[in-house]
Amino acid sequence: MTNTNKDNCFYSDSFKDYRGKPIKLCWSEELWITHLNKHPEIIDPLHTSELISKTVLEPSLVMTGYRPGNAKEMLVCYYKEHKRSESDVYYSKVVIGCSGPDLYVKTVFMGWALYIYVVQEKKYNFKELYRDKKTFL
Amino acid sequence: MINITDIFNIAKRDKWVMEYNPDLDSLYWSKPKISPSTQLKKFLQDFSLYITEQGLIEGLFIEYAKGNFISHNTEYAELINKMVKVNDIYVLPQNKVKGVEPLLKSMANMVGNETFDAVNKGLDLEKFVMTR
């Protein structure tokens, strides 16, 4: 989701990814509510920050590229496996935008998926930036 | 038991709303507010489903809507074209729903049919949706 004017941050935080790169977050109250309504697993800003931090600091897989139909903004997608079974995985995903002066959090969510369907970006020629040797993603 | 064949009627009964976030290219057709016990479950190529602990469906989520799903299923572009901007997202107004009901029914059927295909290919749906 889009970042908003820094003067209008209802929820703000900053993180460092596995490379030590700083990532900002600044969501208005309206943006927070919009997000929470569709992704209740984020619970509150404290939980959300913990989730983002874990995902970007110790990711299982990181992909970068441009989403189809939008060549303007480069994205970095961080995936983290939390639980797995023989065919599916419980994972978190954080999408970072790179169009501003700082890297910034566009969205975060968690879910279960069959392995073959987790990383959508494989279809769009995103480049792999990082892969944990142990990941099945 | 998850009721995958009745998504259209569930959506009508529970007053699902369709929302599009252009910044993320995400399309949601779901209850306005997803219940806290709900988890996203993805066992189909394009759709993720919101499913509660009891196996009830609360919505659908498409991660790359225009860039992927609609580019392969162009008839659904009408859904987004009929939406109106509300702050930073687009919403299908209630007074436009009637006009696109065949498309919504078709999308619901697509989820049902693709699920049957997945089950026929070996997906243990009950186990997958109940895993927490």
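The values are calculated or read from the model by the stated rules, or taken from the named source; none is laboratory data. Source: prediction; values computed, not measured. Counting neighbours? That spans all protein chains shown, and the Cβs are built from the backbone with ideal geometry, glycine included.
At a glance:
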read-out	value
Pair list, Cβ under 7 Å, 6 or more apart: the range A:30-50 residue more than 9 Å from every other protein chain (Cβ to nearest Cβ), other residue of a type in the set (Asp, Glu)	A:Ser49/A:Asp13
Residue match in the range B:73-86 (condition: touching a Phe, Trp or Tyr at 6+ places or on another chain (Cβ under 6 Å) and of a type outside the set (Phe, Trp, Tyr))	yes
Qualifying residue in the range B:92-114 (condition: of a type in the set (A, V, I, L, M, F, W, C) and not in a helix (DSSP H, G or I))	yes
Residue that is farthest from the other protein chains (Cβ to nearest Cβ), among those in the range B:96-117 that are of a type outside the set (D, E, K, R) and within 13 Å of B:Met18 (Cβ to Cβ)	B:Gly99
Near pairs, Cβ below 8 angstrom, 6+ apart or cross-chain, from the range A:51-73 (away from chain B (no Cβ under 14 Å) and in a helix (DSSP H, G or I)) to any residue that is surrounded by 16 or more Cβ atoms within 10 Å (Cβ to Cβ) and acidic (Asp, Glu)	A:Ile52/A:Asp13; A:Val56/A:Asp17; A:Leu57/A:Asp17
Residue in the range A:89-98 that is under 30 Å from B:Gly122 (Cα atoms), of a type outside the set (Val, Ile, Thr), modelled with pLDDT of 95 or more and more than 12 Å from the chain's Cα centre (by Cα) present	yes
The range B:1-36, subset within 14 Å of chain A (Cβ to nearest Cβ) and aliphatic (A, V, I, L, M), residue farthest from B:Asp124 (Cα to Cα)	B:Leu24
Subset tally (residues that are more than 10 Å from chain B (Cβ to nearest Cβ) and within 19 Å of A:Ser53 (Cβ to Cβ)) for the range A:78-90	5
Enumeration of residues in the range B:37-56 that are at the interface with chain A (Cβ under 7 Å from one of its Cβ atoms) and either at pLDDT below 95 or not in a loop (DSSP other than H, G, I, E, B) (or both)	B:Gln39, B:Leu40, B:Lys41, B:Lys42, B:Gln45, B:Ser48
Those residues of the range B:70-88 which are touching a strand residue (DSSP E or B) at 6+ places or on another chain (Cβ under 9 Å), within 11 Å of chain A (Cβ to nearest Cβ), surrounded by fewer than 21 Cβ atoms within 10 Å (Cβ to Cβ) and not charged (D, E, K, R), in sequence order	B:Val86
Index of the failed condition, B:Asp124 passing every other in (1) acidic (Asp, Glu); (2) within 12 Å of chain A (Cβ to nearest Cβ); (3) farther than 24 Å from A:Ser85 by Cβ; (4) surrounded by fewer than 20 Cβ atoms within 10 Å (Cβ to Cβ)	(3)
Residues (within 11 Å of chain B (Cβ to nearest Cβ) and buried (at least 20 other Cβ atoms within 10 Å of the Cβ)) located in the range A:96-107	A:Gly97, A:Lys106, A:Thr107
